[in-house]
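Peer 1: Quick one: this structure, given as structure tokens, is what I'll be asking you about.
The values are calculated or read from the model by the stated rules, or taken from the named source; none is laboratory data. Keep in mind it's a predicted model, so treat the numbers as computed, not measured. Note: ideal-geometry Cβ built from the backbone for every residue, glycine included; neighbour counts use all protein chains shown. Note: accessible area is taken over every heavy atom of the protein model, side chains too, but ligands, DNA and RNA are not part of it. Shrake-Rupley method; radii C 1.70, N 1.55, O 1.52, S 1.80 Å.
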Amino acid sequence: HHARKVNQHAQVYHDALQVNSVERLNLINDLKTAIAEQQLVLFYQPKVSLNSKKVTHVEALVRWQHPTLGMLPPDEFIYIAEQTGQIDALTQCVFLMAVEQFTRWRDNNIHVNVAVNISAENLKNPDFFSFVSNTVDNHNVAPHCITLEVTESVFVEDTEQAIALLLKFKQKGFKLSIDDYGTGYSSLAQLKQLPVHELKIDKSFVHNLTKSEDDQIIVRSTIELAHNMGLCVVAEGIEDLPSLQWLTQHGCDLAQGFYISRPVPAQSFEAWLCSTSDYGRASAPSDDVMS
Ligand code: C2E
Ligand code: MG
Ligand code: MG
Ligand code: MG
């Protein structure tokens, strides 16, 4: 099943960039330089509270500003980092940038918590916890201001080791989120064991919400499940107003999607935050070159 996953990625990569294997090899080497020479940049996408209509969190999403290929989306290089032993360096780089951005916002009176995506590979590294933990301590950032998003599939393989590590993060005070919920086939028994605060319903169930009765059933029961387990529930991939309204009516806690804002550079996020009085009406500057 792993081999199939790799092939899927390779296919996506090939379609996107039309590269041959030599160029792919270059990209592997380039990634080392990218991490060292700060070619990785973070874009930010708000998560808004459907109750207060305020932006409470913002998710950091990495992009690679490649010197010749232009801006590359994460789906084109995260798997390379994972397969070539560079994912720890990449995640550390991303985490540090996100924490630094959090402190800049905090110092400028912009109070949003920041979410960072963590790869399953990171949870296999025993030094990962101390890096993350030391980074927040050194920046005087309270761990509860940082959410770690981990995809649901993490809990299907290596469950015990992953849970043990996530428990350490929880005890330190970090918020934990299950990303892409509904796509990873975790069982309810597993879900019950997880030390998480938040379920993030995968965008495949959300983007077509008001046109699909099946998706409505899935989303409604996931909201109920999350709430019954004491978890906060987030819908990602909201692309239109009717879906946003539907989610509000059905008690979803947080919302994220292109309808509210695309992922944008930090400065554009700040400008959007200042200009928007109602997240449903304002649109973010469309400078996400990948979307
Ligand atoms: P994710 O964490 O589930 O992030 C959501 C993805 O959906 C983002 O794509 C975002 O731009 C996109 N999205 C948000 N709203 C909408 C919408 O309304 N409609 C549609 N169609 N898409 C929407 P992006 O930025 O390309 O990231 C893709 C994935 O790459 C992320 O999925 C995450 O799993 C991974 N990723 C991103 N940044 C990092 C990182 O720093 N580290 C690691 N390990 N993975 C990352
Ligand atoms: Mg995420
Ligand atoms: Mg997701
Ligand atoms: Mg995803």
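Peer 1: Suppose we filter segment 95-113 for residues that are within 25 Å of I80 (Cβ to Cβ) and surrounded by 20 or more Cβ atoms within 10 Å (Cβ to Cβ); how many remain?
Peer 2: Residues flagged as within 25 Å of I80 (Cβ to Cβ) and surrounded by 20 or more Cβ atoms within 10 Å (Cβ to Cβ) within segment 95-113 amount to 3.
Peer 1: Another question about this same structure. Select from segment 111-153 the residues that are outside any helix (DSSP H, G or I) and over 16 Å from the mean Cα position of the chain (by Cα) and write down the one among them that is nearest to P74 (Cα to Cα).
Peer 2: Here the residue is N125.
Peer 1: Would you pick out the residues in segment 172-192 that are surrounded by fewer than 16 Cβ atoms within 10 Å (Cβ to Cβ) and away from ligand 4 (no atom under 12 Å from the Cβ)?
Peer 2: Scanning segment 172-192 gives K172, G173, Y185, S187, L188, A189, Q190, K192.
Peer 1: Filter segment 154-178 for residues that are outside any helix (DSSP H, G or I) and at pLDDT 95 or above; which is nearest to G251 (Cα to Cα)?
Peer 2: The extreme case among them is S177.
Peer 1: Under 7 Å between Cβ atoms, which residue pairs at least 6 apart in sequence (or on different chains) link something in segment 92-119 that is within 17 Å of S133 (Cβ to Cβ) with a partner that is among the aromatic types (F, W, Y)?
Peer 2: Q92/F131; V114/F102; V116/F95
Peer 1: Output the number of the condition that T135 fails; it satisfies all remaining conditions of (1) within 15 Å of ligand 1 (Cβ to nearest atom); (2) within 22 Å of Q92 (Cβ to Cβ); (3) buried (at least 18 other Cβ atoms within 10 Å of the Cβ); (4) at pLDDT 85 or above.
Peer 2: Of the numbered conditions (1) within 15 Å of ligand 1 (Cβ to nearest atom); (2) within 22 Å of Q92 (Cβ to Cβ); (3) buried (at least 18 other Cβ atoms within 10 Å of the Cβ); (4) at pLDDT 85 or above, the odd one out for T135 is (3).
Peer 1: Further question: Please indicate, with yes or no, whether at least one residue in segment 195-209 is hydrophobic (A, V, I, L, M, F, W, C) and under 18 Å from E160 (Cα atoms).
Peer 2: yes
Peer 1: Could you please tell me which pairs satisfy a Cβ distance under 6 Å, a separation of 6+ or placement on different chains, a first residue in segment 261-272 that is closer than 16 Å to K47 by Cβ, and a second residue that is in a helix (DSSP H, G or I) and modelled with pLDDT of 95 or more?
Peer 2: Pairs that qualify, where the first residue is closer than 16 Å to K47 by Cβ and the partner is in a helix (DSSP H, G or I) and modelled with pLDDT of 95 or more, are A266/Q101.
Peer 1: Then there is this: Cβ-Cβ distance below 6 Å, separation of 6 or more or different chains: which pairs start in segment 69-87 with a residue that is under 18 Å from V150 (Cα atoms) and end on one that is open to solvent by 50 Å² or more (accessible area, probe 1.4 Å)?
Peer 2: Once the first residue is under 18 Å from V150 (Cα atoms) and sits in segment 69-87, its partners that are open to solvent by 50 Å² or more (accessible area, probe 1.4 Å) give Y79/H9; E82/E121; I87/E121.
Peer 1: Condition (residue is surrounded by fewer than 18 Cβ atoms within 10 Å (Cβ to Cβ), of a type outside the set (K, R) and either in contact with a His (Cβ under 9 Å, 6 or more places away or on another chain) or touching a residue at least 40 places away in the same chain (Cβ under 8 Å) (or both)) applied to segment 142-149: is it met by at least one residue?
Peer 2: Looking through segment 142-149, none of the residues is surrounded by fewer than 18 Cβ atoms within 10 Å (Cβ to Cβ), of a type outside the set (K, R) and either in contact with a His (Cβ under 9 Å, 6 or more places away or on another chain) or touching a residue at least 40 places away in the same chain (Cβ under 8 Å) (or both).
Peer 1: Would you mention how many residues in segment 120-132 are farther than 17 Å from F155 by Cβ and open to solvent by 10 Å² or more (accessible area, probe 1.4 Å)?
Peer 2: Matching residues across segment 120-132 total 6.
Peer 1: I'm trying to understand the selection: among the residues of segment 227-265, which are in a helix (DSSP H, G or I) and surrounded by fewer than 19 Cβ atoms within 10 Å (Cβ to Cβ)?
Peer 2: H227, N228, L241, P242, Q245, T248, Q249
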